[in-house]
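Chemist: If you scroll down you'll find the structure; I have some questions about it.
The values are calculated or read from the model by the stated rules, or taken from the named source; none is laboratory data. Predicted, not measured: the structure shown is a model, and the values here were computed from it. Cβ placement follows ideal geometry from the backbone for every residue including glycine, while neighbour counts extend to all protein chains displayed.
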Amino acid sequence: MDRLFKRSNFAKVNYLNKMWDFVIDPDDIGIEKEWFNNFPENTRKMIVPSCWNMEIDLFRYTGTAWYQTTFETASPNVYINFEAVQNEADVYLDGKHLGNHYGGFLQFGYEVNGLDSGVHTLTVRVNNTLNETDTYPLPRVDWFNYGGIARGVYVRELGESWINDYKISYEFENGLKDVSLSVEADIKTFNKKNENFEIYVNDEKVYSTPLFVDGEGHINADIKLSDVKLWGIYKPELYYIRLVYGNEDIIERIGFREIKTRGKDILLNGEKIKILGVNRHEEHPDWGFSMPFNLIKKDIDILRNLNANAIRTSHYPNSHKTADYCDEIGMLFWSEIPAWNRKVEAMANPLAVERALSMEKEMIIEHFHHPSIIFWGMHNECATDTPEGYEVTEKMVKLAKSLDSSRLITYASNKVKPDANREMCFALADVVSVNHYIGWYFPAEDGDWNEFMDSYKEVLEDCDSYDKPFLLTEFGFAALPGVNAFESSRWTEDYQADALEFTLNQILNHEHISGGYIWQMCDARSDPDFEISRPRGCNNKGILDQYRHPKRAYRTVQKIYGEHIGIDLPHYETHIYRYTKNSKMEKKF
Ligand code: ADA
């Protein structure tokens, strides 16, 4: 419910974003000792949402921790919602186990009925332990697996009825002029009810039907809208759809846009687009995964100022507000689950497959209505050079298509060699996406990206994918902030800026490449096991440092993306001031 737009005119929501009681459980004894009934006394306090690693003494804590708080309700029926818990949660209400949820970065919740009015105790066991086969992510990923209740928690008091599920989809008619809107909703009532089910589009009532519900009801409404305004890059036309049943309502926000492929091109609303993208970890050294929205907004504004038009949420679903803001400004978005660098064993393990499918399903359902999301990413650099990898990817693609036929399905492969570890799964994807680090992990010589594309043709042809759009989903160069040199050598800001200039000029002008995503926006904390190759404990390939100060490459990319974006973006003016005698700052340029 905590979004960038109002979600309901009636809902009574109690946000539990406050200090909770908190205790770590390094020996994992809490279940046996029934801490959900007898929470240890004299524990410390922990702010929710946050990541516990932000506490100075828990910087590297991995394992189990327990949280507890209370809330008051006047209603016997409530819905308790968690926006994200890293990585596994067991939720207890008044000592009773409500359920277990696996998978960070995803929203989940529980409906509870028959509560006495008054105060109730909510306890959560959180665990962020990783293993080599079935956890998401695996140990030793190139980011930091912060633990905790990382996003907000709320309790919604339910009235006599509630719309507990809905899906709003649409199809274009008459070219891209009109739409046929389809609204499906499940309604639950706690007594028999006979009310009108109504649909409003931007406050105008467009549908109304009497609906008798005794327990559970379902609605399937088709509405025609003509002359719709299209959502596009930096042209964010949004529509508010409000569903009402009696004293219950929910507001969703959508945008009408068509994303498809034609041969080697990606078309948005029928027009060929070039992805001027950046990979972004939703992470900050002072906040972990729990960045407040003002910082998230600033990140996205920084990317708009860069003249970028696309963000890849490498490597996990971002918060709703991030996607809300992208919807609002017209930034393209790619969302994926944290399936990172999984070898065959960790890809094909039955529990790993089950978890991948459930996380993917939850991501698609949760983020379905964001117009900014145009790509669903299945996984990143996994064993797609094996028959087992093919089988899992096929299952994932089938699931994605069954849930959403309105977006492009893809995944990021690093199988860049035409001989060894040859890629096998591109045929399953709508768009071929490749991570390749020429000039960093692979030697750079003049013409390399063109040569790579030539040498890769055979792999693409063998996967029946030569005639599909091709994206470079990662390329980049590390630079330590402030390190410059006469010789443009690795780890200097000069090398990064020069190498990105060379790369972008080649790939953005290559007729077969539909664009790419620079690795990465900001330096980001990496796994401690990687420190030998990750100075300062960070992946340093950011074009900004971890506190969002630009490196030299920022302005290089800004200039190149500016030449390609084809829109005159309103830039934030950056003035240069000089200090004057009378101590006033005076604009110099
Ligand atoms: C991979 C991976 C990224 C990052 C990058 C790098 O492509 O997908 O998360 O680790 O390599 O910097 O090496």
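Chemist: Just give me the residues in the stretch 420-435 being in contact with a helix residue (DSSP H, G or I) (Cβ under 7 Å, 6 or more places away or on another chain) and within 15 Å of the ligand (Cβ to nearest atom), in sequence order.
Modeler: Once the filter is applied, which keeps residues that are in contact with a helix residue (DSSP H, G or I) (Cβ under 7 Å, 6 or more places away or on another chain) and within 15 Å of the ligand (Cβ to nearest atom), the stretch 420-435 yields only Glu423.
Chemist: Right, next: Mind checking which strands (runs of 3 or more DSSP E) fall wholly inside the stretch 268-368 and carry at least 3 residues that are more than 16 Å from the ligand (Cβ to nearest atom) and either under 23 Å from Tyr146 (Cα atoms) or more than 12 Å from the chain's Cα centre (by Cα) (or both)?
Modeler: 271-273
Chemist: What is the residue count in the stretch 404-416 for residues that are closer than 21 Å to Leu268 by Cβ and within 16 Å of the ligand (Cβ to nearest atom)?
Modeler: Summing the residues that are closer than 21 Å to Leu268 by Cβ and within 16 Å of the ligand (Cβ to nearest atom) in the stretch 404-416 gives 3.
Chemist: Going through Gly95, Gly114, Gly118 one at a time, which residue ends up being over 26 Å from Glu248 (Cβ atoms), surrounded by fewer than 22 Cβ atoms within 10 Å (Cβ to Cβ) and over 27 Å from the mean Cα position of the chain (by Cα)?
Modeler: Answer to the check: Gly95.
Matching residues to (1) among the hydroxyl-bearing types (Ser, Thr, Tyr); (2) under 23 Å from the mean Cα position of the chain (by Cα); (3) at pLDDT 95 or above; (4) more than 24 Å from Asp385 (Cα to Cα):
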| residue | (1), (2), (3), (4) |
| --- | --- |
| Lys398 | no, yes, yes, no |
| Leu403 | no, yes, yes, yes |
| Ser406 | yes, yes, yes, yes |
| Asn414 | no, yes, yes, no |
| Pro418 | no, no, no, no |
| His436 | no, yes, yes, no |
| Met453 | no, no, yes, no |
| Glu474 | no, yes, yes, no |
| Ala497 | no, no, yes, yes |
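Chemist: What number of residues in the stretch 419-449 are in a strand (DSSP E or B) and either of a type in the set (Val, Ile, Thr) or touching a Lys or Arg at 6+ places or on another chain (Cβ under 8 Å) (or both)?
Modeler: 3
Chemist: Taking Ala485 as meeting all but one of (1) away from the ligand (no atom under 13 Å from the Cβ); (2) crowded, with 18+ Cβ neighbours inside 10 Å; (3) among the aliphatic types (A, V, I, L, M), write down the number of the exception.
Modeler: Result: Ala485 passes all but (2).
Chemist: Would you call Lys401 within 16 Å of the ligand (Cβ to nearest atom) and either in a helix (DSSP H, G or I) or over 24 Å from Leu138 (Cα atoms) (or both)?
Modeler: no
Chemist: Taking the stretch 52-75 as the search range and keeping residues that are β-branched (Val, Ile, Thr) and part of a strand (DSSP E or B), which one is surrounded by the most Cβ atoms within 10 Å (Cβ to Cβ)?
Modeler: At the first step, the residues of the stretch 52-75 found to be β-branched (Val, Ile, Thr) are 56, 62, 64, 69-70, 73.
Next, from what is left, pick out any that are part of a strand (DSSP E or B): 64, 69-70, 73.
Working: Thr64: 23, Thr69: 19, Thr70: 14, Thr73: 20.
Here the answer is Thr64.
Chemist: Is there any pair linking a residue in the stretch 368-382 that is of a type in the set (S, T, N, Q) to one that is within 15 Å of the ligand (Cβ to nearest atom), with Cβ under 6 Å and at least six apart or on different chains, and which?
Modeler: Sorted first by the residue in the stretch 368-382, then by its partner, the pairs are Asn380/His315; Asn380/Trp340; Asn380/Ala412.
Chemist: Looking at (1) within 24 Å of His549 (Cα to Cα); (2) touching a Cys at 6+ places or on another chain (Cβ under 7 Å), which is the one condition that is false for Lys321?
Modeler: The one condition Lys321 does not meet is (2).
Chemist: Another question, if that's okay. Limited to the stretch 450-482, what total is found for residues that are in contact with a helix residue (DSSP H, G or I) (Cβ under 8 Å, 6 or more places away or on another chain), within 16 Å of the ligand (Cβ to nearest atom), within 28 Å of Asp265 (Cα to Cα) and not in a loop (DSSP other than H, G, I, E, B)?
Modeler: Number satisfying all stated conditions: 2.
Chemist: Which ones in the stretch 527-540 are closer than 23 Å to Ala308 by Cβ and near the ligand (Cβ under 10 Å from one of its atoms)?
Modeler: Of everything in the stretch 527-540, those that are closer than 23 Å to Ala308 by Cβ and near the ligand (Cβ under 10 Å from one of its atoms) turn out to be Asn539, Asn540.
Chemist: Scan the stretch 57-89 residue by residue and report those that are in contact with a Lys or Arg (Cβ under 6 Å, 6 or more places away or on another chain) and not aliphatic (A, V, I, L, M). Can you show your working first?
Modeler: Filtering the stretch 57-89 for residues in contact with a Lys or Arg (Cβ under 6 Å, 6 or more places away or on another chain) gives 66, 79, 83-84.
Matches in the stretch 57-89: Trp66, Tyr79, Glu83.
Chemist: Could you tell me how many of the residues in the stretch 140-192 are within 16 Å of the ligand (Cβ to nearest atom) and either modelled with pLDDT under 95 or of a type in the set (D, E, K, R) (or both)?
Modeler: The total comes to 2.
Chemist: Quick check on Arg125: is it at pLDDT 95 or above, of a type in the set (D, E, K, R), closer than 24 Å to Asn37 by Cβ and buried (at least 19 other Cβ atoms within 10 Å of the Cβ)?
Modeler: Yes, satisfied.
Chemist: Right, next: Looking only at the stretch 279-288, decide whether some residue is aromatic (Phe, Trp, Tyr) and surrounded by fewer than 17 Cβ atoms within 10 Å (Cβ to Cβ).
Modeler: no
Chemist: Further question on the same structure: So in the stretch 302-317, with the set limited to residues that are over 17 Å from Leu471 (Cα atoms) and out of contact with any helix residue (DSSP H, G or I) (no Cβ under 8 Å at 6 or more places or on another chain), which one is surrounded by the fewest Cβ atoms within 10 Å (Cβ to Cβ)?
Modeler: Going through the qualifying residues, I end up with Ile302.
Chemist: Do we have any residue at all in the stretch 509-519 that's part of a strand (DSSP E or B), closer than 20 Å to Asn380 by Cα and within 12 Å of the ligand (Cβ to nearest atom)? Can you show your working first?
Modeler: So in the stretch 509-519, the residues part of a strand (DSSP E or B) come out as 513-518.
With the extra rule that they be closer than 20 Å to Asn380 by Cα, the set shrinks to 513-518.
With the extra rule that they be within 12 Å of the ligand (Cβ to nearest atom), the set shrinks to 517-518.
Within the stretch 509-519, one or more residues are part of a strand (DSSP E or B), closer than 20 Å to Asn380 by Cα and within 12 Å of the ligand (Cβ to nearest atom).
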